[in-house]
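The values are calculated or read from the model by the stated rules, or taken from the named source; none is laboratory data. This structure is a prediction, so every number in the text was calculated from the model and none was measured. When we count neighbours, we look across all protein chains shown, and the Cβ atoms used for this are built from the backbone with ideal geometry, even at glycine. For accessibility, only protein heavy atoms count, side chains too; no ligands or nucleic acids. Shrake-Rupley method; radii C 1.70, N 1.55, O 1.52, S 1.80 Å.
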Amino acid sequence: VGRIDIASGAVTKIPTAPGAHSFAVTDDAIWVSNYQAGSVSRIDPATNTSTALARLPGDAPERMTYAEGSLWVTGRGTDLLRVDPATGAVQATVDVGAGAIDVAAAAHSIWVAVPTDEADRQGNPFLDRLLRVDPATNGVIETLRPAARIVVNGLASTGNALWIADTAG
């Protein structure tokens, strides 16, 4: 992982496990999903030190967000995992299908983009359904299906709004 000082342009390299893929961030920590190692690392922004937290179940923890006091991690071959941000221990596993594309938090819910079965086998991000997970119960409480083809290239949130980057239009 590279930390860039925007004033000087200096880059500090911070080693993590193989396959650093996505981040979750608070003022006190940066967490990194390492898909090749199947793990999560925590970076202390005050010292630029990285600590390996845990190996996660599933094939490739790729996407991650921080919400409701937990890390929420998913990816190819990995259900939605609720992870303790201090220890990396899995607190809950939410069955979302093993090919979830992305995850974001909005409106006190966790949103997971899930591909079609065929798209998952081919590694394509074609949205089949968007799942809303309640962090209080760790259960799926709503399923939304697109009316047209959506190619998910990322999820983001702004408070009560969820944004989907759609590379198909």
Can you give me the number of residues within region 37-67 that are within 21 Å of Val112 (Cβ to Cβ) and either open to solvent by 50 Å² or more (accessible area, probe 1.4 Å) or of a type outside the set (D, E, K, R) (or both)?
15
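When region 1-21 is examined, which residues are found to be assigned to a loop (DSSP other than H, G, I, E, B), among the small types (Gly, Ala, Ser) and open to solvent by less than 70 Å² (accessible area, probe 1.4 Å)?
If the condition is that a residue be assigned to a loop (DSSP other than H, G, I, E, B), among the small types (Gly, Ala, Ser) and open to solvent by less than 70 Å² (accessible area, probe 1.4 Å), then Gly9, Ala10, Ala17, Gly19 are the ones that fit.
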If you go through region 98-110 one residue at a time, do you hit one that is over 30 Å from Ala148 (Cα atoms) and either part of a strand (DSSP E or B) or open to solvent by 50 Å² or more (accessible area, probe 1.4 Å) (or both)?
no
Please name all residue pairs, on different chains or six or more residues apart, with Cβ atoms under 7 Å, provided the first residue is in region 32-45 and is within 13 Å of Met64 (Cβ to Cβ) and the second residue is among the acidic types (Asp, Glu) and buried (at least 20 other Cβ atoms within 10 Å of the Cβ).
Ser33/Glu62; Tyr35/Glu62
What's the number of the only condition in (1) surrounded by fewer than 17 Cβ atoms within 10 Å (Cβ to Cβ); (2) assigned to a strand (DSSP E or B); (3) modelled with pLDDT of 95 or more; (4) of a type in the set (A, V, I, L, M) that Val140 fails to meet?
(1)
Tally, over region 46-79, of residues that are within 14 Å of Val94 (Cα to Cα), part of a strand (DSSP E or B) and either without any contact (Cβ under 8 Å) to a residue 24 or more places away in the chain or among the hydroxyl-bearing types (Ser, Thr, Tyr) (or both)
4
Take the residues in region 121-133 that are part of a strand (DSSP E or B) and open to solvent by 40 Å² or more (accessible area, probe 1.4 Å); name whichever of them is farthest from Val96 (Cα to Cα).
Phe126
Taking the stated definitions as given, is Ile43 under 16 Å from Val140 (Cβ atoms), of a type in the set (A, V, I, L, M, F, W, C) and in a strand (DSSP E or B)?
no
Of the residues that sit in region 153-169 and are in contact with a Phe, Trp or Tyr (Cβ under 8 Å, 6 or more places away or on another chain) and either open to solvent by 70 Å² or more (accessible area, probe 1.4 Å) or of a type in the set (A, V, I, L, M) (or both), which one is nearest to Ala107 (Cα to Cα)?
Leu162
Does Thr87 satisfy the criteria of being farther than 18 Å from Gly2 by Cα, among the polar types (S, T, N, Q), over 11 Å from the mean Cα position of the chain (by Cα) and not in a loop (DSSP other than H, G, I, E, B)?
no
Residues located in region 68-90, provided they are open to solvent by 10 Å² or more (accessible area, probe 1.4 Å) and either of a type in the set (Val, Ile, Thr) or closer than 30 Å to Gln122 by Cα (or both)
Arg76, Gly77, Asp79, Arg82, Thr87, Val90
